[in-house]
1. HN-Hα J couplings of the stretch 607-617 from phi, Karplus 6.51/-1.76/1.60, θ = phi - 60°, integer Hz, Gly and Pro as x?
2. Once amide H atoms are placed 1.01 Å from N in the peptide plane, what residues at a sequence separation of 5 or more from ASN198, or on another chain, have their amide H within under 5 Å of its amide H?
3. Taking 45 Å as R0, compute the FRET efficiency from the Cβ-Cβ separation of ASP324 and SER247 and round it to 0.05.
4. Which whole number in µm²/s is D for the stretch 240-280 by Stokes-Einstein, with the Kirkwood Rh taken over Cα pairs at 25 °C and 0.890 mPa s?
5. Which percent of Cα pairs goes in each bin when the distances of the stretch 647-699 are cut into 5 angstrom slices starting at zero?
6. Just grab the label-to-label distance for LEU293 and SER398, each label 7 Å out from Cα along the Cβ direction, in nm (one decimal).
7. In whole Å, what is the distance between the alpha-carbon centres of the stretch 332-377 and the stretch 411-473?
8. So how far, in whole Å, is the C-alpha centre of the stretch 511-566 from the one of the stretch 685-756?
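Nothing in this text is a laboratory measurement; each read-out follows from the coordinates by a stated rule. From a predicted model like this one, the values you see are computed outputs, not experimental measurements. Counting neighbours? That spans all protein chains shown, and the Cβs are built from the backbone with ideal geometry, glycine included.
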Amino acid sequence: MAAAKLAENLRQVGLEVWLDQVELKGGDAWDEDIKRQIRECSLFVPLVSAQSNQRLEGYFRLEWKLAAERTHSMAAGVRFIFPVLLDDLQESDAVVPGDFRSFQWSGWSPAESPTQLAARIAEVLAVPTQLSDSSRSSVASPPKRGKGRLMFGWGLAVVASVSLWFLLSGGNRSQPVDRQVESSEVAPARSIAVLPFNNLSPEEGNAYIASGVHEDVMVHLSRIDDLQVTAMTVVARYGAEPENFTSIGSELGVQFILAGSVRKAADTVRVTVQLVDVSANRTVWAEDFERNLGQLFALQSEIAREVATSLRARIEPEVAAVLDSPPTESPLAYDAYLNARSQLGDGFWIPFQVLDSTEECLKMALELDADFAEAWALLAVVNSRRVFQSWSINEDNSARDIAAAAASEAVERARTLAPDGLATLEAEGFYYNFVKQDFIAAIRSVDRALRLVPNDSASLMILGYGYRLTGQVDLALETFERALQLDPSDAASFHMLMATHRDTGNYAKLVDLCLQASQDYPDRGDYLVESKYYQFLVDGSLASFETYEMALNTVQQSDNCNPAVWRQGRMTVAMLRQDFETYAEHWHQEWEAHHWGHGDWVCPLQTNEEANHAAMLLGMGENDAARDILNKAAVQVEMPINPMAQCAFNPAVIKPKLHFLTGERDAARQDLQNALHQLEQKDPYFRKFVEKGVLLEAAEMVAPDLSFKIYRDIQNDPMRQVTFESVCANPWTYPNLIKDSQFQKEILTDGRFIEFLESFDFI
């Protein structure tokens with residue numbers, strides 16, 4: 001695509017590039033979302049093509065980088081628009097918002113190379129460039145991100161909307177990882193951990209003041225580029241009364257620790273803080289502050305400034321402006337807001353009664369100050385959570401609709417009051433993710449929030465998950481690894497990192513991850529078992545398979561282990577050993593547990609596996625049991641799914657199997673052909689790749705002559721649900737593909753699985 005080539009060349013001249021594909025209908029006014037995006041970038045380059053029905057084919061958002069990897073706008077408050085005609089379309093024929101007409105257009109003729117156009121754009125920006133046409137054949141890597149910057153390359157307008165619910169509330173089948181932070185021999189000079197502040201208030205109900213002061217001081221410090229601040233999720237593990245600063249500093253790999261206490265009595269707040277240099281075990285700075293409640297926000301800013309001064313950290317003017325701007329002039333509104341934020345906490349599934357109590361506090365804050373942007377933002381999060389947690393297949397779900405409308409209103413109010421505020425951006429990410437199910441928009445908002453506070457591992461988790469869902473595997477891996485660097489105990493990021501490596505068939509990396517995890521947690525035998533399985537996929541040898549089988553039978557299980565590892569492993573071994581009864585026993589345990597976690601909505605993954613099991617039952621002559629499963633599955637594929645679940649996809653791709661297994665062979669093949677055709681039209685996102693894997697299974701039953709073609713197509717995808725190794729390791733799932741002469745040639749050429757497959761009579 002010409003636009004993609006242009007993006008490469010723009011990167012070569014030092015520009016950070018975001019290329020988005022959209023369909024923007026023409027009109028007399030800008031779309032509000034486009035207006036907002038223009039405000040967020042330095043240069044806006046619409047790309048208009050006659051081949052796209054005179055509509056906007058896409059647009060670039062660009063910034064250029066100066067020293068110290070800091071990204072700057074071209075001029076304060078100025079945004080540049082550079083419309084480009086991609087082919088022979090005339091400007092007067094372009095169907096674009098009327099606002100385009102006030103800008104000078106530029107044509108891009110077929111005779112002009114992307115490099116030459118990039119140079120012209122660079123000239124508009126006054127960016128020095130030495131690009132020549134001879135560089136066209138070299139593909140530049142995207143520029144490295146600076147602190148807090150995570151670029152999300154190009155993406156399509158319609159994005160699969162999936163949430164983290166399945167992953168973090170029952171779908172994450174392993175117990176939380178609890179890896180220790182590796183201590184560094186030499187901590188960074190301006191690295192600091194802010195330990196939880198001790199609550200010394202006479203009334204236990206005032207504990208939210210201490211947690212609120214702690215969180216806000218951390219956020220203020222995290223905004224300062226010169227400081228490296230330990231993530232909130234990491235310091236939360238430590239008590240408010242630390243015994244040994246040196247030991248904690250070594251564990252966290254930081255040079256300094258800030259500890260403190262908060263005491264609230266009536267309208268007076270007393271805050272005591274001390275800054276400790278852990279390497280010398282000495283207090284660098286300490287002070288007692290006594291302020292009235294109305295001065296609390298200013299006090300938090302003052303503490304952040306004192307810490308920065310003690311560490312000789314530079315505070316950029318834009319950060320200083322934020323520190324000097326109180327979120328509200330009403331002390332009582334701020335108090336109610338802190339109470340609400342403390343109640344909400346950082347869990348992923350919040351009880352509805354807690355959401356109700358939090359909302360009451362926020363409404364009180366907004367009655368006192370209707371322009372309190374942070375309160376509106378938190379109210380948007382509360383109602384977005386309600387939407388997310390209220391999913392039901394019932395058509396009458398008025399509570400969910402009311403919550404969605406309330407979330408939309410609150411986001412808009414926060415955006416109007418503070419479009420670039422941290423709380424607003426985080427609320428937008430939550431809203432787009434869980435209410436609108438628009439992951440591209442969520443990525444944009446979360447990315448901007450991370451520019452302000454780069455060490456938020458929870459935001460990194462959501463960002464990485466968004467990258468994974470939109471097929472941007474490299475960015476997903478980079479983001480999950482960054483989240484784990486900030487918080488090595490982050491179970492969600494660890495398991496999503498593993499899932500993303502599985503998506504790319506990087507089994508050697510999975511071996512390393514599992515072995516490291518098994519060393520960190522010797523009571524987690526499931527990690528050791530998984531490492532043996534991935535080692536089998538790496539070398540394909542019969543010896544490695546037998547080692548895996550032995551591990552399944554001998555490795556010690558504990559309460560912390562994931563039982564699904566044993567169930568799935570024993571299903572695999574039983575099928576190879578032709579022990580159907582053992583297979584069926586563990587299959588029922590596995591899928592009953594999976595079904596239990598889904599509530600009242602339909603899981604396509606569950607239905608697909610039930611169809612596969614029915615096929616095996618038919619092969620064993622257990623027709624009645626198979627018929628019961630197929631009858632239920634036929635109903636399930638017509639029911640709505642939860643679009644927020646990780647394991648959700650279009651149930652229609654299961655229909656070829658169901659028709660085939662119920663004897664409708666012609667309908668089954670037609671279903672398969674239709675599904676494959678529809679799949680070609682879909683955007684290259686995670687669900688498309690999942691559905692393609694399901695259709696390969698269907699082809700094995702319905703149209704074996706298509707199996708190898710579909711398999712080869714999958715190997716060209718950035719995310720592969722089926723790999724050469726997974727086919728060889730599960731030959732009963734792909735019996736016709738294994739027998740295909742072209743796949744047999746791949747087996748012989750590769751050589752790894754020959755002995756294994758021969759020993760089980762598959763070749």
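1. My calculation for the stretch 607-617 gives 4, 5, 5, 5, 5, 4, 5, 4, 4, 5, 4 Hz in order.
2. GLY260, SER261, VAL262
3. So the FRET efficiency works out to roughly 0.80.
4. Answer, rounded: 214 µm²/s.
5. 4, 23, 33, 22, 12, 5, 1
6. 3.7
7. 20
8. Value for the Cα centre distance between the two parts: 25 Å.
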